[in-house]
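The values are calculated or read from the model by the stated rules, or taken from the named source; none is laboratory data. Because the structure is a prediction, the values reported are computed rather than measured. In this analysis, Cβ positions are derived from the backbone assuming ideal geometry, glycine residues included, and neighbour counts consider all displayed protein chains.
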Amino acid sequence: MKYVDEYRDHAVAQKLIAEIKRVVTRPWVLMEVCGGQTHSIVKYGLDYLLPHEVELVHGPGCPVCVTPLDMIDRAHAIARHPGVIFCSFGDMLRVPGSNGDLFHVKAEGGDVRIVYSPLDCLRIASANPGKKVVFFAIGFETTAPANAMAVWQARAQNIRNFSVLVSHVIVPPSITGILQSPYNRVQGFLGPGHVCAIMGYREYEPISARYKVPIVITGFEPLDLLEGTLMAIRQLEQGRAEVENQYARAVEQVGNVAAQKMIERVFSIADRSWRGIGIIPKSGYKLNYEFRDYDAERIFEVANIQSKEPAVCISGQVLKGLKKPPDCPAFGKECNPQTPLGATMVSAEGACAAYYNYGRHLVAVDSLQAKA
Amino acid sequence: MDTPFALACPVPITQHKTIVLGHGSGGRLTAQLVRDFFLPAFDNPALRKLDDQAVLEVGPSRIALTTDAFVVTPLFFPGGDIGRLAVNGTVNDLAMAGARPLFLSAAFIMEEGLPLEDLARITQSMAAAALEAGVQIVTGDTKVVNRGSADKLFITTAGIGLVPDGVSISASNAKPGDVILVSGTIGDHGMAVWSQREGLEFEGAIFSDTAPLNALVEAMTAAGEVHTLRDPTRGGLGTSLCEIAAASAAGIEIDANAVPVREDVKAACETLGMDPLFVANEGKLVAMVSESSAPAVLDAMRTLPQGRAACIIGRVVASHPGMAVLKTEIGGSRILDLPFVEQLPRIC
């Protein structure tokens, strides 16, 4: 397939790996920020192909994983309302709340639907004027413009039976948080390609300068990730700490200005809680006051639902790059995609689930690594 | 955020109190139902093999028996409909034991309000599919339920076929050294159905591959030594390979670059974040054949329309028994594992 196969080429991959091996002289720890990047790394077995000096740890950029339990319970409460059509991205349906997941809500009679775009909800709302259509607006800066657009369009088209349950988070505060931690091991970042396609990468420049850490904005295909790794390792070996853009085919320094404007019109910055991590100040979006009539939390009066999570699993440390999935004694045993014990196992993008889905809980992994 | 970690742990769903959709996905939840409910209740040697069909000795003959229920939404999709699926699904389950399908039954559960015009189209489609596969639908049943108690139309078919002498095909027969073949591109049916669901329309249609495979199987068994056959329906090729590796206690190695996937199916999978290896097929098979007869079997397959794009995707190996391993496009390795539930479109 054009524009995809080029970035999965075996010969080019081997060249990049050889170059990384040539450049690297000592151990370095890199973090890929996005869940989509983690997914690709594990899916293609990239970490097995890299020299042992390069350690990849997995970042907090899995939007499904970090959506807090309160929000999921609020979603379930709304979805259980008779007269509600609850719409969500597919992989949110499987995330457990305090009492089952959205599939259970559906099995008990809730009208839960998978949509690919939030704008589809407007069509559903127009076709079902007697129902209230609610969209679960989660994700990073990547999904924010389309979610904002849905609210904007609903108002423009005077669609009154549509609202959004907002649980949006943004990347830079989480990176700053990781770098401020006294336990931090991360020396360089593969930055979030799709987030930067929207936001540009100017806001990463002060972070890179202040903490003296290379940030290479990186794509999601295997060759993107290998090239991003090479660029970050080069910087580290040469003692540089800059923001570089590996993903130039999608990302410009200023980003997508029209999309940023749409976000600003509809959302403003707010404190947000991250599942597995806790509250990070100014780390997400809330609806602007003028759109309060589209705020599902307000309409369905669910803001008071607070859920307590017992502290058992190590997902917080996995999300900060301090631990890896196999470091957890429950990984692949009590904790698996069917009975997830924590944030990083609940979505296919989560580090633990990616490790599990690509067979890393099975024994032959060591033999595969030796062979690669 | 650097105060002691505020760790998270949702309450695990260790047991389902009700049936959820995942129980019908063909993945691990389905396997749990079979293990916890059906196997203990009905236990017998034929069932215990857990093949898609039972092969039974009746007098001097070996008879293959199978049944399958069809609940697809929408009833009509590009390349097929529920009726064609219901005939081909049962024909193919018989063929995967090397059996010659002979007779089918069909039961119709209809929701009040189903247009007779739809029923007419579907029965005509079933008649055409039966003719194509060379089987007869010889008995059946009809039930109507209240509006809301079913989704328009469900069809259950059962079938019997004769297993020719000398044919012994089972998921447990794959042997190290065997060559692994697929009969054509994978993922077509699953993406054809996904692309018709609300909100997910793609430009240009992806067509279901629903087709009878009995003629193809006859040609293959006549041409060489076929050890294992599976039609990778729900759960896809990846699930079939995992099941065969486990049943045969052999290792499986396949090459991602060798697995044929149509460009439009690949594009739809990329867009939705799905893996074509785990997307349903309704007219494809995967075969383990002895190394020496692989060229002859492949040639025989390619003479028939259902096998025109047949190709080699990998090998059965002695190392890592019970496990299927994929060589990735860029030369890495990845273990294929049974999915828990059906794949869902990803957020990013």
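Which condition breaks for B:PRO115 when tested against (1) modelled with pLDDT under 90; (2) more than 22 Å from A:GLY100 (Cβ to Cβ); (3) not charged (D, E, K, R)?
Tallying (1) modelled with pLDDT under 90; (2) more than 22 Å from A:GLY100 (Cβ to Cβ); (3) not charged (D, E, K, R), B:PRO115 fails exactly one: (1).
Just to verify a result, which residue in segment A:120-134, among those that are surrounded by 17 or more Cβ atoms within 10 Å (Cβ to Cβ) and within 19 Å of B:THR271 (Cβ to Cβ), is nearest to the other protein chains (Cβ to nearest Cβ)?
A:ASP120
Can you say whether B:PRO101 is modelled with pLDDT under 95 and not assigned by TED's automatic domain parsing to the domain that holds B:THR221, as far as the supplied structure shows?
no
So which residues in segment A:45-72 are away from every other protein chain (no Cβ under 13 Å) and in a loop (DSSP other than H, G, I, E, B), if there are any at all?
Selection gives A:PRO51, A:HIS52, A:GLU53.
With B:LEU277, B:LEU326 as the choices, which residue is more than 19 Å from the chain's Cα centre (by Cα) and outside any loop (DSSP other than H, G, I, E, B)?
B:LEU326
Identify, please: which residue in segment A:44-60 is out of contact with any strand residue (DSSP E or B) (no Cβ under 6 Å at 6 or more places or on another chain) and closer than 17 Å to B:ALA256 by Cβ and is, among those, surrounded by the most Cβ atoms within 10 Å (Cβ to Cβ)?
Result: A:TYR44.
Is it fair to say A:SER98 is touching a residue at least 40 places away in the same chain (Cβ under 8 Å), within 7 Å of another protein chain (Cβ to nearest Cβ) and either among the acidic types (Asp, Glu) or at negative phi (or both)?
yes
Exactly one condition in (1) at pLDDT 95 or above; (2) surrounded by fewer than 23 Cβ atoms within 10 Å (Cβ to Cβ) is not met by B:VAL87; state its number.
For B:VAL87, the exception is condition (2).
For B:LYS143, work out the one condition from (1) among the basic types (Lys, Arg); (2) surrounded by 14 or more Cβ atoms within 10 Å (Cβ to Cβ); (3) farther than 29 Å from B:ALA171 by Cα it doesn't fulfil.
(2)
Any residue that is under 30 Å from A:GLN153 (Cα atoms), more than 10 Å from chain B (Cβ to nearest Cβ), part of a helix (DSSP H, G or I) and among the charged types (D, E, K, R) - is there at least one of those in segment A:297-306?
Among the residues of segment A:297-306, at least one is under 30 Å from A:GLN153 (Cα atoms), more than 10 Å from chain B (Cβ to nearest Cβ), part of a helix (DSSP H, G or I) and among the charged types (D, E, K, R), which makes the answer yes.
Which one of these is surrounded by fewer than 19 Cβ atoms within 10 Å (Cβ to Cβ) and within 30 Å of A:SER347 (Cβ to Cβ): B:GLU270, B:GLU243?
B:GLU270
Of the numbered conditions (1) under 21 Å from the mean Cα position of the chain (by Cα); (2) away from chain B (no Cβ under 14 Å), A:ARG265 satisfies every one except a single condition; which is it?
Unmet condition: (1).
Filter segment A:259-288 for residues that are among the hydrophobic types (A, V, I, L, M, F, W, C) and either within 13 Å of A:GLU141 (Cα to Cα) or buried (at least 23 other Cβ atoms within 10 Å of the Cβ) (or both) and give the result.
A:ALA259, A:MET262, A:ILE263, A:VAL266, A:PHE267, A:ILE269, A:TRP274, A:ILE277, A:LEU287
Given the conditions (1) within 14 Å of chain B (Cβ to nearest Cβ); (2) buried (at least 18 other Cβ atoms within 10 Å of the Cβ); (3) more than 18 Å from A:ARG74 (Cα to Cα), which single one is not true for A:PHE291?
(1)
Would you please name the residue that is nearest to the other protein chains (Cβ to nearest Cβ), looking only at residues in segment A:307-350 that are surrounded by fewer than 24 Cβ atoms within 10 Å (Cβ to Cβ) and charged (D, E, K, R)?
Filtering segment A:307-350 for residues that are surrounded by fewer than 24 Cβ atoms within 10 Å (Cβ to Cβ) and charged (D, E, K, R), the one nearest to the other protein chains (Cβ to nearest Cβ) comes out as A:GLU309.
Looking at (1) more than 23 Å from B:GLY27 (Cα to Cα); (2) outside the structural domain of B:ALA287 (by TED's automatic domain parsing); (3) buried (at least 19 other Cβ atoms within 10 Å of the Cβ), which is the one condition that is false for B:HIS227?
If we test B:HIS227 against (1) more than 23 Å from B:GLY27 (Cα to Cα); (2) outside the structural domain of B:ALA287 (by TED's automatic domain parsing); (3) buried (at least 19 other Cβ atoms within 10 Å of the Cβ), just (2) comes out false.
Out of all the residues in segment A:1-37, which are more than 12 Å from every other protein chain (Cβ to nearest Cβ) and in contact with a strand residue (DSSP E or B) (Cβ under 8 Å, 6 or more places away or on another chain)?
A:ILE20, A:VAL24, A:PRO27, A:TRP28, A:VAL29, A:LEU30, A:MET31, A:GLU32, A:VAL33
What tally of residues in segment A:15-37 results from selecting those that are part of a helix (DSSP H, G or I) and farther than 24 Å from B:VAL261 by Cα? Walk me through how you get there before you give the answer.
At the first step, the residues of segment A:15-37 found to be part of a helix (DSSP H, G or I) are A:15-23, A:35-37.
Filter again for farther than 24 Å from B:VAL261 by Cα, leaving A:15-23, A:35.
Residues that pass the stated criteria total 10.
Considering only segment A:73-87, state which residues are in a strand (DSSP E or B) and among the β-branched types (Val, Ile, Thr).
Listed by number, the residues that qualify are A:VAL84, A:ILE85.
Matching residues to (1) more than 19 Å from the chain's Cα centre (by Cα); (2) in a loop (DSSP other than H, G, I, E, B):
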position: B:PRO260; (1), (2): no, yes
position: B:ALA267; (1), (2): yes, no
position: B:MET288; (1), (2): no, no
position: B:ALA296; (1), (2): yes, no
position: B:ARG315; (1), (2): yes, no
position: B:GLY322; (1), (2): yes, yes
position: B:ILE335; (1), (2): yes, no
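Quick check, is B:ASP337 out of contact with any Lys or Arg (no Cβ under 8 Å at 6 or more places or on another chain), charged (D, E, K, R), touching a residue at least 60 places away in the same chain (Cβ under 8 Å) and at the interface with another protein chain (Cβ under 8 Å from one of its Cβ atoms)?
Taking the combined requirement at face value, the residue satisfies it.
When segment A:181-203 is examined, which residues are found to be surrounded by fewer than 19 Cβ atoms within 10 Å (Cβ to Cβ) and more than 18 Å from A:VAL66 (Cβ to Cβ)? Talk me through it step by step, then tell me what you get.
Of the residues in segment A:181-203, the ones surrounded by fewer than 19 Cβ atoms within 10 Å (Cβ to Cβ) are A:181-185, A:202-203.
Answer for segment A:181-203, where residues must be surrounded by fewer than 19 Cβ atoms within 10 Å (Cβ to Cβ) and more than 18 Å from A:VAL66 (Cβ to Cβ): A:PRO182, A:TYR183, A:ASN184, A:ARG185, A:ARG202, A:GLU203.
Among the listed residues A:ILE198, A:ILE233, which satisfies the condition of being in contact (Cβ under 8 Å) with a residue 60 or more places away in the chain and within 24 Å of A:LEU322 (Cβ to Cβ)? Reasoning before the result, please.
Numbers: A:ILE198 fails: within 24 Å of A:LEU322 (Cβ to Cβ).
Sole residue among the options that is in contact (Cβ under 8 Å) with a residue 60 or more places away in the chain and within 24 Å of A:LEU322 (Cβ to Cβ): A:ILE233.
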